[in-house]
Amino acid sequence: MNRMRTDFDERYRKGDLPWDTGRHDKNLELVIREEQIAPCPALELGAGTGSDAIWLAQQGFKVTALDMSPTAIGIARKKAAAAGVEVEFIVADILGDEIPSGPFGFVFDRGCFHTFDLPEERSRLAEIVWRHLNPGGYWFSLIASTDGPKRESGPPRRSALDIVSAVESLFEIISLKTTSFDSKLPEAPRSWACLMRKRDKVPTDD
């Protein structure tokens, strides 16, 4: 995980950010509007330079936003100040560090889930999100998908089975749709838009 932190911070220092359009993601706005998710305490994982967290704050959400890159968080804090909104930006590794705020009514990640190669890491991420959500809280995750032609670059690709295997015991999957990331690449990577709701009681096998 320290290697991942170093690699991402280096990319932010160099400005090698094909995923960062400087705008909030259209898929986030769509799910907030369509599902009528009311402003509440919200957590963003892998916030990058803060565009989505800032947009959520502008909609009335009380936002805590995490990223493992100190460079990204520094940029995000400056952007929030320029936009005149309050966001609690924190340098943190979601699998390794404590989250100081919460619980939350809404969790958003744009490309955090798919960075974890091991099934047990993805399941652990789901458990952490579950613990930090209020009963009935929502998790909206944008995850690079296996749809589309083979490509040599771009985010890691995950299947629908990868997602369901990690989250279904803890979350009701409200929708799992194909879409694409907002991106500066010539062809935007295909993605899953997965909206989930926290199960009040974790299912058991008996």
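Pop the C-beta distance of Glu88 and Gln58 into the FRET formula with R0 = 22 Å and round what comes out to the nearest 0.05. Intermediate values should be presented prior to the final figure.
Working: r = 15 Å, r/R0 = 0.69.
Approximately 0.90, to the nearest 0.05.
On full extension of the chain, what length is gained from Asp200 through Ser169, given 0.36 nm per residue of separation minus the C-alpha to C-alpha distance?
That pair, Asp200 and Ser169, stretches by 10.1 nm at full extension.
Percent of Cα-Cα pairs per 5 Å bin, from 0 to the last occupied bin, for the chain, please list those.
Pair shares across the bins are 1, 7, 16, 21, 22, 18, 10, 3, 1, 0, 0.
Give the residues of the range 3-43 whose amide nitrogen is closer than 15 Å to a point set 7 Å from the Cα of Ile128 in the direction of its Cβ.
From the range 3-43, the list is 3-6, 43.
What are the trypsin sites (Lys or Arg not before Pro) within the range 93-150 that DSSP puts in a loop, where the Cβ has at most 16 other Cβ atoms within 10 Å? Before the final figure, lay out each step's value.
Details: sites: Arg110, Arg122, Arg124, Arg131, Lys150; in loops: Lys150.
Loop-located and lightly packed - Lys150.
What nm value, rounded to one decimal, do you get for the distance between Arg77 and Ala38 when each label is placed 7 Å out toward the C-beta?
Placing both labels 7 Å beyond Cα along the Cβ direction yields 3.3 nm.
Can you pick out the pairs among Lys62/Lys198; Lys79/Lys201; Lys177/Lys201; Lys78/Lys198; Lys78/Lys177 whose Cα atoms lie more than 30 Å from each other?
The pairs that break the limit, which is 30 Å between Cα atoms, are Lys79/Lys201; Lys78/Lys198; Lys78/Lys177.
Pick from Gly46, Gly105, Gly15: which residue has the top mean-square fluctuation in a GNM of the chain where Cα pairs under 10 Å get a spring?
Gly15
Could you work out [θ]222 nm for the chain from helices alone, using -39500 (n - 2.57) per DSSP H run of at least four and dividing by all its residues? Round to the nearest 500 deg cm²/dmol. List each step's numbers first, then the result.
Working: 6 runs with 66 residues, N = 206.
Computed mean residue ellipticity for the chain: -9500 deg cm²/dmol.
I'd like the distance separating the alpha-carbon centroids of the range 25-101 and the range 154-196, in whole Å.
19
Sort His24, His114 so that the residue with the fewest other Cβ atoms within 10 Å of its own Cβ comes first and the one with the most comes last.
Numbers: His24 20, His114 24.
Ordered by Cβ neighbours within 10 Å, fewest first: His24, His114.
Every number here is computed from the coordinates shown, using simple stated rules; none is lab data. Remember, predicted model here, so these are calculated numbers, not experimental data. For neighbour counting, all protein chains shown are included, and Cβ atoms are generated from backbone atoms with ideal geometry for every residue, glycine included.
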